[in-house]
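> Before we start, here is the structure in question, set down as structure tokens.
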Amino acid sequence: MAKIIRSSGGRKYSVPSVPKKVAKKAVKASPKPAAKKAPKPKAQKPKPWTLAEVHEAFSRFRKANPEPKGELEHLNPYTLLVAVVLSAQATDAGVNKATRALFAVADTPEKMLELGEEKVREYIRTIGLYRNKAKNVIALSEKLIAEFGGGVPRTRAGIESLPGAGRKTANVVLNMAYGEHTMAVDTHVFRVGNRTGLAPGNTPLEVELGLEKVIPSEFMLHAHHWLILHGRYTCLARKPRCEVCLINDLCQWPEKTV
């Protein structure tokens, strides 16, 4: 309805009126200013280890285990190479169980080719992905004979060119067979590097390069074995044994239990 209003000169004019109910609804419908959310506190990154702390950690590892050994059983560089290729997505214990009999009859590329892919499959059938791995063992053996005179190359590029062999395989073989100061990063080393804050990284390569940067040269020959064993038996994935950890006072992990 219109509302009649009289002006000061006596003239009348009408103004449309707004119903009270509609006006109230309009007021209620007006949006309220959104409350500002408090910014989430940023997670603090652990402080980088000092050179003295890194030296102390690896001095303790060396004192506890002066000559650490890899747990993959092998007879020579070739059988080491094969064992590492077979260990992808498998345990060292499981690989050793299969390769003891295999290496007894085939410890060179030539003997492996004489054995043939079908028989290799039978020896390693208890290992995961054994069919594809048997193909790789035969293929890498053929390439070693054709391109490297039957020997295992002493370069990263040479090893990585072989079927089934990647960067980690190359690092393990170069370190264990030829004494190179390489850092092989498996799941254990990756966890320890990140959890302790020693060499955090989003990829195995980042952790590898970070460890090579901070670990003194005097420890590099055995460093990856110490870290693997530490991750396998102490710094466990689900329930780390912080109470018996050799470096628990140096570790930067905020959830450590000591």
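> Identify, from the list Leu162, Leu227, Leu221, the residue that is over 30 Å from Ile138 (Cβ atoms), open to solvent by less than 10 Å² (accessible area, probe 1.4 Å) and not hydroxyl-bearing (Ser, Thr, Tyr).
None of the others qualify; the one that does is Leu227.
> Of Thr108, Thr155, Thr182, which residue is without any contact (Cβ under 8 Å) to a residue 24 or more places away in the chain, hydroxyl-bearing (Ser, Thr, Tyr) and more than 18 Å from Gln89 (Cβ to Cβ)?
Values: Thr108 fails: without any contact (Cβ under 8 Å) to a residue 24 or more places away in the chain; Thr182 fails: without any contact (Cβ under 8 Å) to a residue 24 or more places away in the chain.
Within the list Thr108, Thr155, Thr182, the selection yields Thr155.
> Something else now. For residues that are hydrophobic (A, V, I, L, M, F, W, C) and open to solvent by less than 30 Å² (accessible area, probe 1.4 Å), scanning just the stretch 60-75, find the one that is modelled with the highest pLDDT.
The selected residue is Phe61.
> Quick check on my filter: what residues within the stretch 237-251 are farther than 28 Å from Gly179 by Cα and without any contact (Cβ under 8 Å) to a residue 24 or more places away in the chain?
As a first pass, look at the stretch 237-251 and keep what is farther than 28 Å from Gly179 by Cα: 237-244, 248-251.
Residues satisfying the conditions are Arg238, Lys239, Arg241, Cys242, Glu243, Val244, Asn248, Asp249.
> Quick one: would you say Lys32 is in a helix (DSSP H, G or I), farther than 30 Å from Ala199 by Cβ, open to solvent by 20 Å² or more (accessible area, probe 1.4 Å) and at pLDDT below 95? Give the steps one after another, and end with the answer.
Values: in a helix (DSSP H, G or I): no; farther than 30 Å from Ala199 by Cβ: yes; open to solvent by 20 Å² or more (accessible area, probe 1.4 Å): yes; at pLDDT below 95: yes.
In short, no.
> Cβ-Cβ distance below 8 Å, separation of 6 or more or different chains: which pairs start in the stretch 112-133 with a residue that is outside any helix (DSSP H, G or I) and end on one that is surrounded by fewer than 15 Cβ atoms within 10 Å (Cβ to Cβ)?
Thr126/Lys97; Gly128/Gln89; Leu129/Gln89
> List the helices (runs of 4 or more DSSP H) that sit entirely inside the stretch 167-258 and contain at least 2 residues that are over 15 Å from Phe58 (Cα atoms) and polar (S, T, N, Q).
Output list reads 167-178, 187-195.
> Same structure, new question: Do you know which residues across the stretch 93-111 are part of a helix (DSSP H, G or I) and surrounded by 15 or more Cβ atoms within 10 Å (Cβ to Cβ)?
First pass over the stretch 93-111, keeping only residues part of a helix (DSSP H, G or I): 93-105, 109-111.
Those that are part of a helix (DSSP H, G or I) and surrounded by 15 or more Cβ atoms within 10 Å (Cβ to Cβ): Gly94, Val95, Asn96, Ala98, Thr99, Leu102, Phe103, Pro109.
> Another one. Could you check the stretch 168-213 and list, in sequence order, the residues that are under 21 Å from Leu246 (Cβ atoms), buried (at least 17 other Cβ atoms within 10 Å of the Cβ) and of a type in the set (Val, Ile, Thr)?
Val185, Val189, Val192, Thr196, Val207
> Determine, yes or no, whether Ile124 is in contact with a Lys or Arg (Cβ under 8 Å, 6 or more places away or on another chain) and surrounded by 15 or more Cβ atoms within 10 Å (Cβ to Cβ).
yes
> From the list Tyr78, Tyr130, exactly one residue is at pLDDT 95 or above and hydroxyl-bearing (Ser, Thr, Tyr). Which is it?
That would be Tyr78, the only listed residue that is at pLDDT 95 or above and hydroxyl-bearing (Ser, Thr, Tyr).
The values are calculated or read from the model by the stated rules, or taken from the named source; none is laboratory data. Just so you know, these numbers come straight off a predicted model, no measurement behind them. Cβ atoms come from the backbone with ideal geometry, glycine included; neighbour counts cover every protein chain shown. Ligands, DNA and RNA are excluded from the accessible area calculation, which covers all protein heavy atoms including side chains. Shrake-Rupley method; radii C 1.70, N 1.55, O 1.52, S 1.80 Å.
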